[in-house]
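Reading through the structure tokens given below for one structure.
Every number here is computed from the coordinates shown, using simple stated rules; none is lab data. On a predicted model such as this, the values are computed, not experimentally measured, just so you know. Note that each Cβ is placed from the backbone with ideal geometry, even for glycine, and that neighbours are counted across all protein chains shown.
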Amino acid sequence: MHRPLPRSWYTDPAVFEDEMARLFAKTWLPACHGSEVAAPGSYVTTRVGGEEIAVVRGRDGILRAFNNVCRHRAHRLLDGAGTLKATITCPYHAWAYGLDGTLRQAPHSDGVAGFDKDAFGLCTVQVGEMAGFVMINHDPDARPHDGFAGLERLLLADFPDLPAMRPVRRREAVLHANWKLIIENYLECYHCDTAHPSFGNFDMTTWKHIVGQGWSRQGRVPAGSEDGRIDHDTIEGLSAWWQWPGVFWARALGPDSFVAAFHEPLAADRTRQLRVVYTASGEENAELRAFNDLFDTVFAEDTSVVESVQRGLTSRGYRGGALVEQPEARAGWSEHGVHHFQDLIRGTIGTHRGA
């Protein structure tokens with residue numbers, strides 16, 4: 001029997017600060033889809049791991065990422081998304097940077113003794129790509145990602161057209177819950193029959209959960225499949241993935257649409273969730289629109305659940321339960337995915353916290 005994480009790890013601001021410093025500042029995190037910065041000069045601004053980031057495709061075709069802040073007196077440089085001609089110009093004092101981040105112009109700086117433009121380029125952030133998505137890492141010493149323990153290969157096997165897809169629907173919300181509660185809720189379907197009336201009759205006997213190293217996959221298998229032989233080739237139709245620490249990937253409706261949900265911790269009890277639907281055509285037809293509307297309902301049901309749990313964790317009456325697991329059968333209702341996730345959390349901050 002396995003016990004869940006201590007309740008303080010969901011409520012204590014000090015734990016939140018530890019996670020931001022030890023996890024989100026040192027892990028590869030998604031920033032946007034590559035289609036959003038495909039053309040030379042295109043840019044996207046976003047928040048990743050507690051920082052404002054600008055992702056820019058240079059006129060040389062090279063993808064770069066910067067902290068979205070002027071080196072002069074910290075004004076925000078860019079908003080939203082768009083196309084740049086030759087420079088990133090601060091709207092405060094007109095310091096101008098090349099698309100490679102070098103300082104090109106600082107008005108009247110020629111009269112400042114000892115001023116060196118080379119010393120005031122934009123702060124760069126490590127950038128890479130994974131299955132068509134732009135990934136960043138705030139740690140300048142982080143090793144380049146290696147396909148995320150095989151996840152990139154598996155995702156592309158499941159969704160070969162993923163790099164060519166384009167966003168068609170966005171939903172953004174702030175959930176009043178710790179980010180780990182949102183992930184844990186996703187990593188089990190033990191709650192599905194009870195908490196999701198929108199599912200209707202959900203056949204749990206054919207819903208399976210495969211756990212890898214730093215990722216997991218849930219999906220439907222044919223009725224009567226032998227548990228010991230279930231693998232990625234057995235899953236058919238709906239397929240949903242989780243990637244460490246807080247990304248969901250899922251087939252939305254058929255092989256031509258895809259949904260991703262990104263999570264940014266804002267505080268111990270608040271999390272920003274951005275959910276984006278992508279299609280190969282760049283359009284949302286009537287059938288997909290109806291499916292996505294159902295998806296909105298499902299996420300609303302999950303929001304109600306995790307926010308209730310967050311409130312419950314402040315009660316003296318909660319002293320920690322037990323995870324309900326059946327990993328050997330890859331049972332969809334089993335909480336072995338939660339167990340795997342919580343072990344990763346313990347490995348990241350547990351030694352420091354004595355747990």
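Only alpha carbons enter this Debye calculation for region 29-137, each as an equal point scatterer, and the log10 of I(q)/I(0) it gives at q = 0.20 Å⁻¹ is -0.99. Stokes-Einstein diffusion coefficient for the chain at 4 °C in a medium of 1.567 mPa s, Rh from the Kirkwood formula over Cα pairs: what value in µm²/s? Estimated via Stokes-Einstein, D reaches 59 µm²/s. Straight-line cross-link reach from residue 26 at under 22 Å between alpha-carbon atoms covers these lysines, not counting any fewer than eight positions away in the same chain: 180. Axis angle, to the nearest 10 degrees, between helix 336-345 and the longest C-alpha principal axis of the chain: 40 degrees.
Calculated translational diffusion coefficient of region 201-355 (20 °C, 1.002 mPa s; Stokes-Einstein with Kirkwood radius over alpha-carbon pairs) equals 121 µm²/s. Applying a DSSP loop filter and a limit of 11 other Cβ atoms within 10 Å to the trypsin sites (Lys or Arg not before Pro) in region 1-80 leaves 73.
Available extension along the chain between residue 73 and residue 176 is 33.8 nm, counting 0.36 nm per residue and deducting the alpha carbon span.
Stretched out straight at 0.36 nm per residue, the stretch from residue 115 to residue 86 would grow longer than its current Cα-Cα span by 8.1 nm.
In region 256-316, the inverse of the mean reciprocal separation of distinct Cα atoms equals 13.6 Å; this is its Kirkwood hydrodynamic radius. Each of 293, 158, 141 has some number of other Cβ atoms within 10 Å of its Cβ, and from fewest to most they run 141, 293, 158. The aspartates and glutamates within cross-link reach of residue 85, meaning a Cα-to-Cα straight distance under 17 Å and a gap of 8 or more places when in the same chain, are 36, 60, 100.
Placing +1 on the Cβ of every Lys and Arg and -1 on the Cβ of every Asp and Glu, with no other charges, gives region 29-137 a dipole of roughly 160 debye about its Cα centre. In a fully extended conformation the segment linking residue 201 and residue 322 would gain 40.9 nm over its present Cα-Cα distance, using 0.36 nm per residue.
Between the helical axis of 286-312 and the longest alpha-carbon principal axis of the chain there is an angle of about 80 degrees. Over all projection directions, the Cα-based convex hull of region 56-104 averages an area of 3.2 nm².
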